[in-house]
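These notes are about the structure you will find just below.
The values are calculated or read from the model by the stated rules, or taken from the named source; none is laboratory data. Predicted model, so just to flag it, every value in this text is computed and none were measured. Note that each Cβ is placed from the backbone with ideal geometry, even for glycine, and that neighbours are counted across all protein chains shown.
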Amino acid sequence: MIARLRGRVAGRAGAALVVDVSGVGYLVHATPSVPRLGDGEITVEVHTIVREDALQLYGFATAEEREVFELLLGVNGVGPKVALAIVSGSTPAELRRAIARDDVKRFQAIPGVGLKTAQRVVLELKEKLTLVDAVADDGAGLTARDALVELGWSLVDAERALADVDASLPVEEQVRSALRQAA
């Protein structure tokens with residue numbers, strides 16, 4: 001599997017880029033954030049899909065974008081084009097907040113995503129994202145979500161409460177704000 005490419009942008013074809021890596025041009029279907037990396041040497045995080053008749057590369061500016069794309073591929077009814085459209089429309093943090101808030105309409109606004117698909121995205125990813133986040137927390141420090149869970153909140157309720165809280169605040173302030181909202 002190809003997981004990352006480093007090279008120069010050799011051309012563009014719509015939303016796709018041709019990334020020249022040591023003389024080999026790779027066609028990469030990319031999010032809008034990838035072209036913002038520049039026209040010089042760039043590093044693109046890649047998800048590779050191998051099919052019977054094709055090898056397709058999907059490119060992202062960050063590993064976090066790629067992770068959300070891969071989670072979306074696990075949702076029934078979401079293929080790579082729809083997953084790329086979803087990731088292209090928002091940052092991973094915005095998508096996580098929309099899922100925590102059950103914001104089905106945000107996903108419905110994306111071309112190719114109907115009501116049922118949007119509902120499945122929110123329902124299926126709500127549990128997966130909180131589990132991924134819990135595993136990613138390596139114990140380096142208590143997060144506001146962890147503090148709320150210690151107070152008896154479910155992961156989903158904690159995520160939902162913190163979706164509207166400024167993440168740059170100290171953990172104690174985030175928890176206070178979430179508790180005030182719940183009261």
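Restricting attention to region 6-54, which residues are touching a Phe, Trp or Tyr at 6+ places or on another chain (Cβ under 6 Å) and modelled with pLDDT of 90 or more?
19, 29, 45, 47
Just the residues that are closer than 13 Å to residue 96 by Cβ and part of a loop (DSSP other than H, G, I, E, B), please, taken from region 141-164. Please lay out each step first, then the result.
Going residue by residue through region 141-164, those that are closer than 13 Å to residue 96 by Cβ are 145, 155-156, 158-160, 162-164.
Hits for region 141-164 are 163, 164.
Of the conditions (1) buried (at least 19 other Cβ atoms within 10 Å of the Cβ); (2) within 14 Å of the chain's Cα centre (by Cα); (3) small (Gly, Ala, Ser), residue 118 satisfies every one except a single condition; which number is it?
Just one mismatch for residue 118, condition (2).
Every residue in region 159-180 that is without any contact (Cβ under 8 Å) to a residue 24 or more places away in the chain and in contact with a helix residue (DSSP H, G or I) (Cβ under 6 Å, 6 or more places away or on another chain), please.
Passing the criteria: 161, 165.
Being under 14 Å from residue 80 (Cβ atoms) and surrounded by 16 or more Cβ atoms within 10 Å (Cβ to Cβ) is the filter here; which residues of region 28-55 pass it? Don't jump to the end; show me each part of the working.
Going through region 28-55, the residues under 14 Å from residue 80 (Cβ atoms) turn out to be 28-31, 46-51, 54-55.
The answer is 28, 29, 30, 31, 46, 47.
Inspect region 121-130 for any residue being loosely packed, with under 13 Cβ neighbours inside 10 Å, within 19 Å of residue 65 (Cα to Cα) and either at pLDDT 90 or above or assigned by TED's automatic domain parsing to the domain that holds residue 75 (or both) and give the result as yes or no.
Initial filter on region 121-130 (loosely packed, with under 13 Cβ neighbours inside 10 Å): 127.
From what's left, within 19 Å of residue 65 (Cα to Cα): 127.
Checking which are either at pLDDT 90 or above or assigned by TED's automatic domain parsing to the domain that holds residue 75 (or both) leaves us with 127.
Among the residues of region 121-130, at least one is loosely packed, with under 13 Cβ neighbours inside 10 Å, within 19 Å of residue 65 (Cα to Cα) and either at pLDDT 90 or above or assigned by TED's automatic domain parsing to the domain that holds residue 75 (or both), which makes the answer yes.
Those residues that are surrounded by 17 or more Cβ atoms within 10 Å (Cβ to Cβ), closer than 27 Å to residue 165 by Cα and either modelled with pLDDT under 90 or of a type outside the set (Phe, Trp, Tyr) (or both), I need them from region 65-82; list them, please.
65, 66, 67, 68, 71, 72
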